[in-house]
1. Taking the residues in segment B:332-361 that are open to solvent by 20 Å² or more (accessible area, probe 1.4 Å) and modelled with pLDDT of 80 or more as candidates, determine which candidate is nearest to the other protein chains (Cβ to nearest Cβ).
2. Could you name every one of the strands (runs of 3 or more DSSP E) located completely within segment A:230-289 that has at least 2 residues being β-branched (Val, Ile, Thr), open to solvent by 40 Å² or more (accessible area, probe 1.4 Å) and assigned by TED's automatic domain parsing to the domain that holds A:ASP304?
3. Restricting the search to segment B:38-68, which residues are under 23 Å from B:GLY335 (Cβ atoms) and either of a type in the set (Lys, Arg) or open to solvent by 10 Å² or more (accessible area, probe 1.4 Å) (or both)?
4. Among the numbered criteria (1) open to solvent by 80 Å² or more (accessible area, probe 1.4 Å); (2) of a type in the set (Gly, Ala, Ser); (3) in a helix (DSSP H, G or I), which single criterion is violated by A:SER450?
5. Could you tell me which residue of segment A:360-378 is most open to solvent (accessible area, probe 1.4 Å), considering only residues that are at pLDDT 75 or above and closer than 21 Å to A:GLU43 by Cβ?
6. Return a yes/no flag: does segment A:81-98 have any residue that is closer than 25 Å to A:ALA198 by Cα, more than 14 Å from chain B (Cβ to nearest Cβ), open to solvent by less than 20 Å² (accessible area, probe 1.4 Å) and assigned to a strand (DSSP E or B).
7. Looking at the structure I just gave you, is A:GLU37 touching a helix residue (DSSP H, G or I) at 6+ places or on another chain (Cβ under 9 Å), within 14 Å of chain B (Cβ to nearest Cβ) and open to solvent by 20 Å² or more (accessible area, probe 1.4 Å)?
8. Given A:LEU108, A:LEU55, which one is touching a helix residue (DSSP H, G or I) at 6+ places or on another chain (Cβ under 9 Å) and surrounded by 15 or more Cβ atoms within 10 Å (Cβ to Cβ)?
Amino acid sequence: MTSADKPIIVQSDRTVFVEVESPAFEEARDALGAFAELIKCPEHIHTYQITPLSLWNAASAGMKSETVLETLRRFSRYPIPGNVETDIAEYMNRYGRLTLERDGGRLLLRGQDAYLIEEISRHKRTQAFVEERIDPNTILIGGAYRGHLKQELIKIGFPVRDLAGYVEGEELDVHLSGRLANGKSFALRDYQSAAVSAFHRDGSAAGGSGAIVLPCGAGKTVIGLGVMARLKKRTLILVTNVVALRQWRREILEKTTLTDAEVCEYSGEEKNIGPVTIATYQILTYRKKKSDEYPHLKLFEAQDWGLIIYDEVHLLPAPIFRITADIQARRRLGLTATLVREDGLESDVFSLIGPKCFDIPWKVLEKEGWIASAQCHELRVPLPMEQRREYVMSPPRAQYRIASENPMKMDVLDELLKTHQNDRVLIIGQYLRQLRVVASAFNLPMLTGSTPNAERVDLFKRFRDGEIKHLVVSKVANFAVDLPEANVAIQISGSFGSRQEEAQRLGRILRPKAENAVAHFYTIVTRDSSEGEFAQKRQRFLAEQGYQYNIRNIDGAAALTIPSGG
Amino acid sequence: MNLYQMLTHIPHERLQRIADSFGVGVYSPSKRNLLQSIGARYRDVEFLAELTAELPHSHRGLLRALVFFTPPEHETIELGADLAAPWVEPEHLPGAVEEIAALGLIFPDDFRRNGRVILPHELRKSLLDVFRGQFKALTPRPGPASPMPPQRHIALEAVFHLLCVLLHVRVRQTQKGALHKRIFELWTQRIGEGLASESRFQFALDFVVHAGLARVEESELELTDEAARWLGHGEYENRRELIRFIVSSRVSRSREMQRLLALFASVEGENPPASGELYAVDDLLAELELNAWPEESDPVPREALIERLRWLDAAGVISLDDRERPALAALTGWGRRWLSLEETVFIEPEPAAPAMIQPNFELLAPPGASYDLLWRLDQIAEFRRRDVMTEYHLSQGALLKSMRRGWTLDAVLAFLDELSGGRVPDLVRFSLEEWGARYGRIRFRRVVLVECDGPELAEEITHLPDANGALEERISGACFAVSEREARRLFKLFRERGYEPSHDNVFTDSSRKKT
């Protein structure tokens, strides 16, 4: 590999750029994933960050600093800044210098370096947890402080290796189903089995807590089920919202031997507790007043849980961290596509849920077809002169709505629906009035927040069965829809620059399709308007997630030729 | 011209005296034999050390300044009075030069007339070793790792970022003539906390003003056109310019600075320190005190010496571990090259690989990107960070700002295409086009309104032959818009034709002249 072929460029702040076009890109990407966090992946250059935590995650998996440096040198186009080399060696050598162990009923912090132990016993962040200095290398820690000590130690730069073990929790007879209701056989994929083993570590104290990091669509839920089947303990599952809750429940009932009565929902709507209980972060962090306690956190003690699963652990709210600090003796599994948190609490995930215990190179997932790809198209239409006049005279919020409801969008939509007449298409919009016009003009069924549940279930079923191919969906319904069969989404209006929303909408169509077809995501926006500006912000976010945008200006019905829809 | 050729200029008798004084054995005292024997001895560092020891300290100081601080690539050197000033009074300079030349250590090139001397390369090299022997070699120790890529020149970086700050911000002086602190903060944001220091900022500012890249105009520090030209000279030339500035501003007139630099050149001994290794400042200053020549022994307070170290660090000649309280110091690679300790010469970076423009509007310029290219990027994009890669962000604000500076949308797009090898992502191109298209759709321009008392008169004056199409822009039946220049001509024309036009103070200057 010549210097010019090398794909990596290491910046002095430990940012790592990886050039996608390099012939060694895939190899470098997979090697980097072990000790750096992917921050963004736009078209040409992906950005990773080497952080103390990413290095400690690597160290916890047994990687040495020499290996990290060797990898960087191997793929780096330019010399690695001297301070980066020093930092990597220094940070990685810190992991494992301290261990938490159990000696009978006693919780001990041990370290080879007596000076370090001395420092910790006197440090203002940690001294409150110290009960006694047993010998130069050992401190007795108050049993209730296991999680709190870990949190503080990581803050002062010395992550501890927790080998203090777990309570077993109440037994639960659970197995994975070998065959699904539709008759298809079911088994964990190889990498899913490997993830389960990496977490379990034969039941030793070295395993049993940690985060599994896999991209969307790689089957993280199924890995959760695999861990449940391996441990066979009562399990509390924490998820982001009700849609996810129901999806988990459906998967558990479909893919394990558990029965309907054994899998309970704990949400704003139902509050049942059973051998397997699925609760939302929202209900657990609910309280009437800011000064009140969180009443639903008692769920953590409602059963003798042997396993707690944290879905989308990068979104875990702060109060859940606090309670998790108190339950360090229970096995904890975090599932996520990224360890990067917008609130910067990555170190709490590391110390309270556990270090990353498994990830898998993208190459493997792509090669095996477990990740779908999507093509994004933005179609820019002008605002007719009549609306233009109204637009310029209106306040900003009204301008946005005028641009969103641009009647020119109807022609484009018409063309798109013709192009995708045999696909499963979701037409998504922000404004009910506009959606009603669309539903009526194209004679399509519509799903909104006020659609009765029975009707909603019926529409879902008909869409899944292929009886309905095109479905109009409002923003409210958007969050409660799980229609993996959709392979085309057409967004005719969106909210003010919500990046999360765009990602969510795109996520609807990103599940791998049986026929492995490419999914399409269209956004129709009014050119030269505030809607276009907001759309740009959302797209920038998606571009950083690795989606490519084709952009077309549509200058009137005559010029309307929709890009190939596949 | 080599040393042998130079020695031929020394009279036979003088050569004989040198040979006798230093015990140079000559088989036959012919000039040719003398030249061969003495020539061989002039390459002998020990011999030269003895020879220079014969010189008064002032002459030695002068010779050392010549060896260290004049451009090593030239053999003919202009010995300005400034460089000699710390050692010899101007009126004694020709005599001193002749005395040094009498020993064959330099060769005057009609010095009294043109101030030039000749110092052959091989003699400079040997003399360099002689002067490096003044101080003893010290043992280096590991210093902190620098975040800056080693091939970059810190002082040039400081200058470049200051120019960029001046490009974007109006810099007003305070009443005391200083710059507002905000400018230092902006500069610090660009160059990075780890590399910023007040001394480095001041160095950059002094250089920028000295080189005419900026000037103070009505209490405002503003860029001159020279800035862009200077950056366009290329880094090799920029570095040479820096050396000239360093020598002229602080080295040539300062005995202490010359001594300090000789010290840094000496303490390396035969083995240059490994990358990142530095010497203890305490050891350096102790050595400086112990091995001073008598003329050098005026005690210079430690804090004053530390201040000079900070300046040399700001100039990129040495690096310090800590600019506030330096404990370790050593020559930088560039400093070593300047003092001729390293033979490697600076080579302009290879033509840069294409820059990467990402669909999220990031632009990454590769390490080899020239200052000239970065300067242009700074005009059309928002600077984010300079590291191994230099990061910019394309934005509506930056684009419109560049257009107000005179860039056209086409020029921006062409530049980005050229930079990226034609790979400007759709999202970026469409956005730039949309933003750029807004610029100038409404235009304010300065015109003079020519108003007639009715459409008939307006029609009539359009037919005046000398109006020459100046009345083409008719904005109503009785009104025309004309440029200021044309207005003056038309006014005169109408008056000549007997129309007796009036005006509302449109031509204030000319009316004052008449009264």
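The values are calculated or read from the model by the stated rules, or taken from the named source; none is laboratory data. Quick caveat: nothing in here was measured; it's all calculated off a predicted structure. Methodologically, a virtual Cβ is constructed for each residue, glycine included, from the backbone with ideal geometry; neighbour enumeration extends over all protein chains shown. Remember, those area values only see protein heavy atoms, side chains included, never the ligands or the DNA or RNA. Shrake-Rupley method; radii C 1.70, N 1.55, O 1.52, S 1.80 Å.
1. Narrowing segment B:332-361 to residues open to solvent by 20 Å² or more (accessible area, probe 1.4 Å): B:332-334, B:336-337, B:340-354.
Subset that is modelled with pLDDT of 80 or more: B:332-334, B:336-337, B:354.
Values: B:THR332: 14, B:GLY333: 13, B:TRP334: 17, B:ARG336: 18, B:ARG337: 19, B:PRO354: 10 Å.
Once the filter is applied, the top-ranked residue is B:PRO354.
2. Values: elements: A:235-239, A:263-266, A:276-280.
In segment A:230-289, no matching strands (runs of 3 or more DSSP E) lie anywhere.
3. So in segment B:38-68, the residues under 23 Å from B:GLY335 (Cβ atoms) come out as B:45, B:60-68.
Answer for segment B:38-68, where residues must be under 23 Å from B:GLY335 (Cβ atoms) and either of a type in the set (Lys, Arg) or open to solvent by 10 Å² or more (accessible area, probe 1.4 Å) (or both): B:VAL45, B:ARG60, B:ARG64.
4. Here A:SER450 clears every test but (3).
5. So the first thing to find is which residues in segment A:360-378 are at pLDDT 75 or above, and the list is A:360, A:374-378.
Now drop any that are not closer than 21 Å to A:GLU43 by Cβ, which leaves A:374-378.
Details: A:ALA374: 19, A:GLN375: 78, A:CYS376: 0, A:HIS377: 2, A:GLU378: 2 Å².
So the residue we want is A:GLN375.
6. Yes, segment A:81-98 contains a residue that is closer than 25 Å to A:ALA198 by Cα, more than 14 Å from chain B (Cβ to nearest Cβ), open to solvent by less than 20 Å² (accessible area, probe 1.4 Å) and assigned to a strand (DSSP E or B).
7. Values: touching a helix residue (DSSP H, G or I) at 6+ places or on another chain (Cβ under 9 Å): yes; within 14 Å of chain B (Cβ to nearest Cβ): no; open to solvent by 20 Å² or more (accessible area, probe 1.4 Å): yes.
In short, no.
8. Values: A:LEU108 fails: touching a helix residue (DSSP H, G or I) at 6+ places or on another chain (Cβ under 9 Å).
Checking each option against the conditions leaves just A:LEU55.
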